[in-house]
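Enquirer: Dropping a structure here in structure tokens format, bear with me for questions.
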Amino acid sequence: MTDRLPGFATLAVHAGAQPDPTTGARATPIYQTTSFVFNDADHAASLFGLQAFGNIYTRIGNPTNAVLEERVAALEGGTAALAVASGHAAQLVVLQQLLRPGDEIIAARKLYGGSINQFTHAFKAFGWNVAWADPDEISTFERAVTPHTKAIFIESIANPAGSITDIEAIAAVARKAGVPLIVDNTLATPYLIKPIDHGADIVVHSLTKFLGGHGNSLGGIIVDAGTFDWSRDNKYPMLSEPRPEYHGIKIQETFGNFAFAIACRVLGLRDLGPALSPFNAFMILTGIETLPLRMQKHCDNAKAIAEFLAGHPAVSAVNYPGLPGDRYNNLQRKYAPKGAGAVFTFSLKGGYDAGVNLVSNLKLFSHLANVGDTRSLVIHPASTTHSQLDDDAKVRSGAGPDVVRLSIGIEDKEDLIADLEQALDA
Amino acid sequence: MNHDAYDDNYIRSILNNVKSIAMVGASPVNVRPSYFAFKYLAQRGYDMIPVNPGHVGKTLMGKPFVASLADIGRPIDMVDIFRNSSHIMPVVDEALALTPPPKVIWMQLGARDDAAAEKAEAAGLKVVMNRCPKIEYGRLSSEISWMGVNSRTLSSKRAPIPTQGMRLSLNRTSLGGGQTAASDRAAKNKSETS
Ligand SMILES: Cc1ncc(COP(=O)(O)O)c(C=O)c1O
């Protein structure tokens, strides 16, 4: 008998979860505990020394979180994953494994505004320098590579404009530079795009968005593709050198193709501390069970709404890669043929004031700073999420003054269109 | 035999059928991967024999070190080689000279010698390269899932209660090959370039 590969929807429901050993509970229990008893002193020593698999303390690992980790690893096609408190925590923990003071990361200019802030300010204070490159101009990534470059960071579908990134082209630059490609797959989810299939070495998510999907829990995750050789030229001492905090263990030598996920856990999460609450892990796991159904509905609704807006006289432009003629339409058909996601922007002829008015006239869309909820959401980035950027950077990241961002929910599309119509006409 | 990716059933049948394992290159130093694997497999009930000429006179988890496979003096099911790729062939030659020879040659994570594998297979042995038996055991039993590792298996049956020394069931439904497609590709690229 040869092994049969289950489909995405089966993995979304089952991967990582098994009926509870003691009670037989079928849903994943919430192991709401800080700590776990040891069998004996030797067991404790084995766990602390990374010699045995097992639970110690919820800052390092938790059985509910472990189900979430295995599930997302399976959906992304990675070797292992680590769940953390938020998408931002995932980015912090990943880069802590890769960069020392004075090192550089090349990042796509088109990123979530919060990530631009994190990289520009918080990471700068750690001595991690960022070189910005334009994902629509692959040569800017090539030119940004220096001997200090340690990683390249992109979003598969970029927030806020929903533009699609040519992952394979940037993966080729990373491979040539001998550095890992990190892809933030938050807005696509593995239902639409599996970055590892296109050459990503590490995938990060804000689980807060479509994966959790119900706007009720913050979370983040790091997926190890198992593809990068961390020891090749000693550029990544966290993985290739004996670790003093574990009596000289070398992480890659010991853990092979899931070494990066282990380093993030036992060096990153253990010491930096942004652990995910098991309750949030449970909420997010429940969300993931319906990811394929929700994501398709999100995309189908978004396409209908993008088409409606494109035909409306008050609208000057719609940036939705799912529309024929959109500059990202070819990339969308290559990377995300099932749908172009549900976060996109459009511009109003009336500029900044029209954007502010539209937001206040909407009755069904919620005005808030999140995306990837069952509910439809709206925001005017220039006055909110991207307000800290200067005007030039606003335009470059797709958040000019006339731009409104939508995150389309799973309501009936006719109701969403009617709401937009009355608000645009008001 | 394709050594870039193994079917789970192949690994499973090896781990379910071997009872005694001679570990060549076993280390008594408790931060070495060979020590981790030796201890783990011993706790899962395998009859482990440490082989390392540099440590004769010492013991590992109560088992005395022997200098060579020939010194074991009884039949063994599997030889687990904790040496790098350039030291594999002499160990395989030594294993094939035993009567009876072992049934399985296993080369540790990072170790691969295709010529040695071919020789052992021609003599009727099963071969695994570039894998860790501890990781494979943990993966197929899903014990490794506690570390967020993708076990690539599914089960709707109640999980066994994990206690020390207990052999968890390895018989879960597998999701295709032993590793992810991407990591197999990476291993293959690496072996082609090195
Ligand atoms: C693409 C993307 N990455 C990362 C984040 C940060 O995630 P979190 O809010 O969970 O820290 C967000 C949040 O909006 C996002 O949209």
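The values are calculated or read from the model by the stated rules, or taken from the named source; none is laboratory data. Since we're looking at a predicted model, the values are computed, not measured. Neighbour counts run over all protein chains shown; Cβ positions are idealised from the backbone, glycine included.
Enquirer: Residues of segment A:358-380 being among the basic types (Lys, Arg) and either away from the ligand (no atom under 16 Å from the Cβ) or touching a Pro at 6+ places or on another chain (Cβ under 7 Å) (or both), which ones?
Expert: Within segment A:358-380, the subset among the basic types (Lys, Arg) is A:363, A:375.
A:LYS363, the sole residue that qualifies.
Enquirer: So which residues in segment A:11-50 are within 11 Å of another protein chain (Cβ to nearest Cβ), assigned to a helix (DSSP H, G or I), more than 31 Å from the chain's Cα centre (by Cα) and not charged (D, E, K, R), if there are any at all?
Expert: Within segment A:11-50, A:HIS43, A:ALA45, A:SER46 meet the criteria.
Enquirer: When the residues of segment B:126-163 are narrowed to those that are within 16 Å of the chain's Cα centre (by Cα) and of a type in the set (Gly, Ala, Ser), which ends up surrounded by the fewest Cβ atoms within 10 Å (Cβ to Cβ)? Spell out the reasoning first.
Expert: In the first step, residues of segment B:126-163 are kept if they are within 16 Å of the chain's Cα centre (by Cα); the result is B:126-141, B:144.
Now narrow it down to the ones that are of a type in the set (Gly, Ala, Ser): B:138, B:141.
Values: B:GLY138: 22, B:SER141: 25.
The selected residue is B:GLY138.
Enquirer: Given the condition at the interface with another protein chain (Cβ under 9 Å from one of its Cβ atoms) and in a loop (DSSP other than H, G, I, E, B), answer yes or no: does some residue in segment A:256-271 qualify?
Expert: no
Enquirer: Does A:GLY16 satisfy the condition of being at pLDDT 85 or above and under 16 Å from B:SER155 (Cα atoms)?
Expert: Yes, satisfied.
Enquirer: Checking A:LEU111 against (1) under 22 Å from A:GLY199 (Cα atoms); (2) within 12 Å of the ligand (Cβ to nearest atom); (3) not in a loop (DSSP other than H, G, I, E, B); (4) not charged (D, E, K, R), which single condition isn't satisfied?
Expert: The single condition A:LEU111 does not satisfy is (3).
Enquirer: Can you tell me which condition A:PRO337 does not meet? The list is (1) crowded, with 16+ Cβ neighbours inside 10 Å; (2) under 21 Å from the mean Cα position of the chain (by Cα); (3) not in a helix (DSSP H, G or I), and all the others hold.
Expert: Of the numbered conditions (1) crowded, with 16+ Cβ neighbours inside 10 Å; (2) under 21 Å from the mean Cα position of the chain (by Cα); (3) not in a helix (DSSP H, G or I), the odd one out for A:PRO337 is (1).
Enquirer: Taking segment A:182-213, which residues are within 16 Å of the ligand (Cβ to nearest atom) and either of a type in the set (S, T, N, Q) or on the phi > 0 side of the Ramachandran plot (or both)? Lay out the reasoning, then the answer.
Expert: To start, the set of residues in segment A:182-213 that are within 16 Å of the ligand (Cβ to nearest atom) comprises A:182-193, A:195, A:200, A:202-213.
Scanning segment A:182-213 gives A:ASN185, A:THR186, A:THR189, A:SER206, A:THR208, A:GLY213.
Enquirer: So which residues in segment A:180-215 are assigned to a strand (DSSP E or B) and either within 13 Å of the chain's Cα centre (by Cα) or outside the structural domain of A:ASN65 (by TED's automatic domain parsing) (or both)?
Expert: A:ILE182, A:VAL183, A:ASP184, A:ILE202, A:VAL203, A:VAL204, A:HIS205, A:SER206
Enquirer: Of the residues that sit in segment A:152-181 and are away from the ligand (no atom under 12 Å from the Cβ) and among the acidic types (Asp, Glu), which one is surrounded by the most Cβ atoms within 10 Å (Cβ to Cβ)?
Expert: A:ASP166
Enquirer: Please verify whether A:LYS297 is assigned to a helix (DSSP H, G or I), at pLDDT 95 or above and either touching a helix residue (DSSP H, G or I) at 6+ places or on another chain (Cβ under 9 Å) or not assigned by TED's automatic domain parsing to the domain that holds A:ALA169 (or both), treating the condition exactly as stated. Spell out the reasoning first.
Expert: Values: assigned to a helix (DSSP H, G or I): yes; at pLDDT 95 or above: yes; either touching a helix residue (DSSP H, G or I) at 6+ places or on another chain (Cβ under 9 Å) or not assigned by TED's automatic domain parsing to the domain that holds A:ALA169 (or both): yes.
It is true that A:LYS297 is assigned to a helix (DSSP H, G or I), at pLDDT 95 or above and either touching a helix residue (DSSP H, G or I) at 6+ places or on another chain (Cβ under 9 Å) or not assigned by TED's automatic domain parsing to the domain that holds A:ALA169 (or both).
Enquirer: Does any residue of segment B:68-76 turn out to be over 12 Å from B:GLY25 (Cα atoms) and under 16 Å from the mean Cα position of the chain (by Cα)?
Expert: yes
Enquirer: Restricting attention to segment A:214-252, and to residues there that are away from chain B (no Cβ under 14 Å) and hydroxyl-bearing (Ser, Thr, Tyr), which single residue is farthest from the ligand (Cβ to nearest atom)? Give the derivation first.
Expert: Initially, segment A:214-252 is screened for residues away from chain B (no Cβ under 14 Å), giving A:214-218, A:234-238.
This time we only want the ones that are hydroxyl-bearing (Ser, Thr, Tyr), so: A:217, A:236.
On the way: A:SER217: 10, A:TYR236: 23 Å.
Checking each candidate, the answer is A:TYR236.
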